[in-house]
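Presented below is the structure to which this report refers.
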Amino acid sequence: MLLRSCSLLFAALFVLAHSQRQTVSLILTGGIVVTMDPSGRVVSPGAVAIDGRNIAAVDTPEAIASRYSSQTVIDTSGQVVMPGLINTHTHAPMVLYRGLADDLALMDWLQKYIFPAEAKTVTPDFVRAGTRLAALEMIESGTTTYADMYYFEEEIARVTRDAGLRGVLGQTIIQFPAPDAKTPKEGLARTEVFIQEFANDDLIVPAVAPHSMYTLDSGTLKAARSLADRTRVPVLIHLSETSDEMKTSAEAHQASPAAYLDGLGFWGPRTIAAHGVWLSPADMTILARHHVSVSHNPESNMKLASGAARVSDMQRSGLVVGLGTDGAASNNDLDMFEAMRQAAFLAKLQTNDPRAVPARKALEMATIDGARALGLENLIGSLEAGKRADAIVVSMTAARQTPMYDPLSHLVYVTRGDDVKTTIVNGRILMRDRKVTTLDETRVLADARALAEKVKAAVR
Ligand SMILES: [Zn+2]
């Protein structure tokens, strides 16, 4: 009888304890949680409780189980749980030009292939199909936020939002007639409409993207800056990508591109300069003074032989440096794991110092530094209570990942995008066990193949 009372008491206590647990929407438990928080905490084994769009807590599996319950619990044993990767520079629809023309210098590649192909093929339909394909690849390879510069950016934003990804999306402004605007003035006007449409979106941050100092005149560059200031949105621009650009700037303005833009009053916070391959120490000082961030694109810079950006020098100058893939036509993929690895390797080669961009720094560049570069560090870039639940689950059981002494080393030096099992953005599962839930993969691939016929005809 006594025994029975005791067990009833225990059962009552158990029910009481568990009824006090907070119900959350999703729990990831049992994996190695690489938080990328300021203390660099790795919880192994760890668990993450997600409530709606936010992270409720990161702790041990026992601690999470004692405080939270959920109808959806994903066992992440043997896998790494980490913040989703942040691609700070791409042109999403250009996946449709992947492999169209390779092994060319930037100006040849742009002028003989990309600009003519774009003039004949870029339509809202093309941009939507390309963005769906890019979104599929990004979700499959663990990118949860990306910064984009292209045409018909409102279409890109709609597709991105439907796919469930987060984006800082910049409407491109360029001096010559573009597929979506005959003049820069028209481009600026459609940018303003785009900004208004997405001003308060949960996933999309609209931005102004003047293409570069060599494709725009001073009046348009200034107008782009003032539009961004007036509407309080970020600015995305290409900067000091090639030696040609440096030469053009020196001849036309007797200044480096960074100094020329400084003279126009162009620089300001929440500005991301892509590439920065040829930045001098003086240029780095200018950018740091204005809190401009840099997007480093090691694979594109190597493929187009643009040069090796001085990433360590930039970081020492106080610049925040995020990582990017650039468009898939010059990479040729959107895999941020590969971008991390190449960023680490290129920095070592460039400085003759194997300590340059160590694994942890490469991971920071693809997560929290990317978030800082985009001005979103309060929301994303690390797994911390209160931040948005943008997380990925990465398998660590492949032959090339066995054995594992240090998860950070493996994430940078042997892991591939294909190792990502689950992708979560804003608390929503976009891919689970490699099955993307927000896009119809068969249709996305069929649409891309159909459009490739038009692209082929355009450059014939
Ligand atoms: Zn680019």
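Each reported figure results from applying straightforward, stated rules to the coordinates on display, with no laboratory input. From a predicted model like this one, the values you see are computed outputs, not experimental measurements. So basically every Cβ, Gly included, is an ideal-geometry build from the backbone, and we count neighbours across all protein chains shown.
General remarks:
- Test item: Cα-centred dipole of the chain, Lys/Arg +1 and Asp/Glu -1 on Cβ, debye: 620
- The antiparallel fraction among DSSP beta bridges confined to the range 153-244 stands at about 10%.
- Projected label distance in nm at Thr402 and Asp217, using a 7 Å step from Cα toward the beta-carbon: 6.5
- Distance between the pseudo-spin-label points of Lys456 and Ser77 (7 Å out from Cα toward the beta carbon): 5.0 nm.
- For the range 155-191 versus the range 36-53, the gap between their alpha-carbon centres in whole angstrom: 35
- Grouping the Cα pair distances of the range 307-362 into 10 Å bins from zero gives a pair-distance distribution of 23, 55, 21, 1 percent in increasing distance order.
- Gained length - Ser243 relative to Ala105, 0.36 nm times residue gap less alpha-carbon distance: 48.6 nm
- Measuring nothing but alpha carbons in the chain and taking Rh as the Kirkwood radius, the Rg to Rh ratio lands at 1.02.
- Mean separation of Cα pairs under 8 Å and 6 or more residues apart, divided by the residue count, gives the chain a relative contact order of 20 percent.
- For the chain, with +1 on Lys and Arg beta carbons and -1 on Asp and Glu, the positive-most of Tyr113, Ser66, Thr351 along the dipole: Ser66
- Calculated FRET efficiency for the pair Glu384/Arg432, C-beta based, R₀ 22 Å, to 0.05: 0.45
- Cα-projected label distance for Glu441 with Ala308, points at 7 Å along beta-carbon direction, nm: 3.8
- Using every pair of separate Cα atoms, the Kirkwood estimate puts the hydrodynamic radius of the range 383-455 at 14.7 angstrom.
- Ranked by how many other beta carbons lie within 10 Å on average, peptides 421-430, 301-310 from highest: 421-430, 301-310
- A DSSP coil position with no more than 15 other Cβ atoms inside 10 Å describes the following trypsin sites (Lys or Arg not before Pro) in the range 171-236: Lys182, Arg232.
- Stokes-Einstein D in µm²/s, Kirkwood radius over Cα pairs - the range 216-290 at 20 °C with 1.002 mPa s viscosity: 171
- Helix-only mean residue ellipticity at 222 nm for the chain, each DSSP H run of n ≥ 4 adding -39500 (n - 2.57), per residue, nearest 500: -12000 deg cm²/dmol
- Bridge type composition, the chain - antiparallel percent by DSSP, nearest 5: 45
- Intensity falloff of the range 210-252 expressed as log10 I(q)/I(0), Debye formula with alpha-carbon point scatterers, at q = 0.24, 0.29, 0.32 Å⁻¹: -0.83, -1.02, -1.12
- Potential lengthening between Ala259 and Thr285 on full extension [0.36 nm per residue; Cα-Cα distance subtracted]: 8.4 nm
- Bins of 10 Å from zero: percent of alpha-carbon pairs in the range 32-154: 11, 30, 23, 17, 15, 4, 0
- At an R0 of 25 angstrom, the distance between the Cβ atoms of Asp125 and Asn200 translates into a FRET efficiency of 0.35.
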